[in-house]
Every structure is written in C-alpha cells, then in structure tokens.
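Undergrad: Let me begin by handing over the structure; questions about it come next.
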Amino acid sequence: MLRFLVRRALGAIVIIFLLISLTFFAFHSGTVDPAQMNCPKGCTPQLLEQIRQNMHLTDSLGMQFWHYISGLFVGQDLGTIGICHAPCFGYSYNSQQFVWDRISANYPATFVLAIGGAISFLSIGVGLGMLSAWKQGSVLDRIASSISLIGQSTQIYFVGPLAMALFVYNLQWLDRPQYIPFTQDPVGCFLGMILPWLVMSIIFWANYTRQVRSLMLEQLSEDHIRAARAKGMSNRYVWWRYALRGAMAPIITIFGIDLGAVFSGAIITEYTFGIHGLGFLAVKSVNSADINLELGVLIFSSVAILLFNIIVDAAYALLDPRVRLS
C-alpha cells in the first residue's frame, strides 16, 4: 500500500511541474506584455517599470520561470512591496494584495462547497441507485429513474435562482445562501450552504443513480453472488457484503474523474449564489486581466484536484487489492 501511494505521489509531482510549466509559458510567452496586463487602471510609467522588475521580465524566459518556481518554495523579495513569503504566487496589482493572501481567504468557501456537494450527490445518488436496484421493475424504480433523467437535464444557473426563490423567499424553509467559516459558526455554515450543496449536486447524483443501479444489477447476476445465496446467506447480507462492495470500486473511479467537474460546478454555483470562493475569484481575475491572480488560482486548483485524486486512489486500493499491484 505504501509503495502504491508513493508511486501516485511521485506521478502527481511530475504532473504538477508540467502543469506549472505549461501555464506559466502560456501566460508569459505570448505577444502581450505581462506587465501591461497586470498594471491596473491609471497605470503610470513608474508602476509599469516596477512591475517589470518584480516579475523579472527583463530576464530571459527561462530565468523568469526559475524565479517563479523558486518563489513558490522559498518566497521572493518584491522590493518596495515587501517580502512575498512562500508559497509566493506573485502580487495582484489590481487589488494591491499578495496573490496567496487572496487565495487563502477564498479557498475555504470552495473547499466547503465542493466537499459538501460531493457528500450530497454521493449520498443521494448511491442511495437512490441502490433503492432502484433493490426494487427493480417496481413503481419506485421507475420514479427514481425518471428523477435521474430530469436531474441530468437541469443546469445550476437555472435551478439555483428558482430554488432560492422557492425555499428561501417564498416558503422560507432555508436561510439565504452564504458562506460562514465552519470554525466560527458550524451550524450557520451548514444552514448557509445547504441549498448550494443540493443545487450543485443535482447534475451529479442523477448520473450516479443510474450508474449505481446498473452496477448493482450487474453484481447481483455474478456467479459468486449465486454461490453465496446457495450457501444460505440472507439477501441482506449478500447485498451489503458482496454486491455493494463490488459496485463501489467503479463508483470510486468515476468519482475521481468527476472531481474536476465538481470544482467546475463550484465556479458556477459560487457565482449563482454570490459565494466568494475560488470560482468567484477566478472569474474576477479574468475580467480584470490579472495574470498573476489567474495563474495562482489555476495552479492552486489543479494541485487540490490532484491531491483529492490521490486520496480517491488510496480508497480504491483499499477496496480492490489488485490495484496496489498495478
């Protein structure tokens, strides 16, 4: 198991380095001057020259990349701006803040939104899929299948405002969506995020309902399931001990692939409900052409997705020992 995790971690390090290299050169090797892009409105020649010096734009492209990589690990001295401590993603001249300060202030909201949304769609999707497989061919099975088809055809930016108008303003069952730090008020965090969690999870749990139903029915037709039943084991024991475990391995694989989509869904959800997370920050950086902030958000989000994938791989290896040998 340890060797498996080490291999995955080393592979992730290589991917992260390639990703940083690709994004850096894509942003810095174009025809547009990065200093001009980072310079805010009312930019003066003095500020433009200061940006060029802080970003080392007078050096070769290779040296610029070296300064950027070294800044991520040991920090940088940005002259009159001050010391940018590691991990240093540079300085946002539009907001006059270090990029890492802005990311660290916004990522908890995205983290809570993504984790809560993932728990929601896994719980609802797996639950409905198992119930549909257990009651195969019944009215309940048809209802669950119909709900999953409807869920797959919906969009966050359409369902979000409707859900907020219905459950927040008309029925007043839920609080207005907002992010409150969990450490500050756990109950307020839950109540403020429950609607964004459910809305973001709709398009995911609809797919998982169909996937789990199909996988459970496939597992129930396997020879080892028939053998277990022939030995006198109860349907409930066979269901939970053998069928569910066999179906969960592919679901975990699909979940690992969907992690990137979860963060993409978080961007739309944050903008729909006005939650200031990484998605909101990414859109704002694009609108203001803040290259340093764009690059920082992109790298941080990619690293987070890779780390979550390693966790998913570990869970998959625990369920299926054959994966550790691959």
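Undergrad: Lone cysteines in the chain, going by a 4.7 Å Cβ-Cβ cut-off?
TA: 189
Undergrad: Relative contact order for segment 226-326 using alpha-carbon pairs under 8 Å, separation at least 6, rounded to a whole percent?
TA: The value is 28 percent.
Undergrad: For residue 98, list long-range residues whose amide hydrogen, built 1.01 Å from N in the peptide plane, is under 5 Å from its own amide hydrogen.
TA: Distant-sequence amide H within range of residue 98: 92.
Undergrad: Okay, next question. How large is ³J(HN,Hα) for each residue in segment 181-193, as worked out from phi by the Karplus curve 6.51 cos²θ - 1.76 cosθ + 1.60 (θ = phi - 60°), to whole Hz, x for Gly and Pro?
TA: So the Karplus estimates, Gly and Pro as x, are x, 4, 5, 7, 7, x, 5, x, 4, 5, 5, x, 10 Hz.
Undergrad: Suppose a student asked you for the relative contact order of segment 96-198, using Cα pairs under 8 Å spaced at least 6 residues apart; what percent would you report?
TA: 28
Undergrad: Beyond 18 Å, what share of the Cα-Cα pairs of segment 2-95 is found? Please give it as a whole percent.
TA: The share of Cα pairs beyond 18 Å in segment 2-95 comes to 53 percent.
Undergrad: Report the equivalent ellipsoid semi-axes for segment 180-234 in whole Å, largest first, defined as the square roots of five times the eigenvalues of the gyration tensor built from alpha carbon atoms. Walk me through the numbers on the way to the answer.
TA: Values: eigenvalues 338, 51, 8 Å².
Equivalent ellipsoid of segment 180-234: 41, 16, 6 Å, largest first.
Undergrad: What Kirkwood radius, in Å to one decimal, follows from the Cα pairs of segment 213-326?
TA: Hydrodynamic radius (Kirkwood, Cα only) of segment 213-326 equals 17.2 Å.
Undergrad: How about residue 284: which lysines have a C-alpha closer than 24 Å to its C-alpha, ignoring those fewer than 8 places off in the same chain?
TA: The qualifying lysines are 41.
Undergrad: Ordered by packing density, taken as the mean number of other Cβ atoms within 10 Å over each peptide's residues, highest first, how do 276-283, 240-247, 159-166 rank?
TA: In descending order of packing, they fall as 276-283, 240-247, 159-166.
Undergrad: Now, a different point. Whole number please: convex hull volume per residue of the Cα set in segment 101-287, in Å³?
TA: On the way: hull volume 26.4 nm³, N = 187.
With only Cα atoms used, segment 101-287 gives 141 Å³ per residue.
Undergrad: Moving on to the next point. Residue by residue through segment 150-165, what is 3J(HN,Hα) from phi via Karplus (6.51 cos²θ - 1.76 cosθ + 1.60, θ = phi - 60°)? Round to whole Hz and write x for glycine and proline.
TA: Going residue by residue, I get 5, x, 5, 8, 8, 10, 4, 5, 8, 6, x, x, 5, 5, 5, 5 Hz, with x marking Gly and Pro.
Undergrad: Report, in deg cm²/dmol and to the nearest 500, the calculated mean residue ellipticity at 222 nm for the chain, where each DSSP H run with n ≥ 4 adds -39500 (n - 2.57) and the sum is divided by the residue count.
TA: -24000 deg cm²/dmol
Undergrad: Can you give me the relative contact order of the chain as a percent, contacts being Cα pairs under 8 Å and 6 or more apart?
TA: 23
Undergrad: On to the next question. Can you give the Rg to Rh ratio of segment 146-208, both from alpha-carbon atoms, with Rh computed by the Kirkwood formula?
TA: With Rg and the Kirkwood Rh in hand, the quotient comes to 1.04.
Undergrad: Here's a follow-up. Gap in Å between the Cα centre of segment 167-237 and the Cα centre of segment 284-318?
TA: 24
Undergrad: Follow-up question, since we're still on this one. With only alpha-carbon atoms in the gyration tensor, what are the semi-axes of the equivalent ellipsoid for the chain, in Å, largest first? Don't skip to the end; give the middle numbers.
TA: Details: eigenvalues 402, 134, 44 Å².
Semi-axes from the Cα gyration tensor: 45, 26, 15 Å.
Every read-out reported here was derived from the displayed coordinates using simple, explicitly stated rules and does not represent laboratory data. Computed from a predicted model, the values in this text were never measured in an experiment. For neighbour counting, all protein chains shown are included, and Cβ atoms are generated from backbone atoms with ideal geometry for every residue, glycine included.
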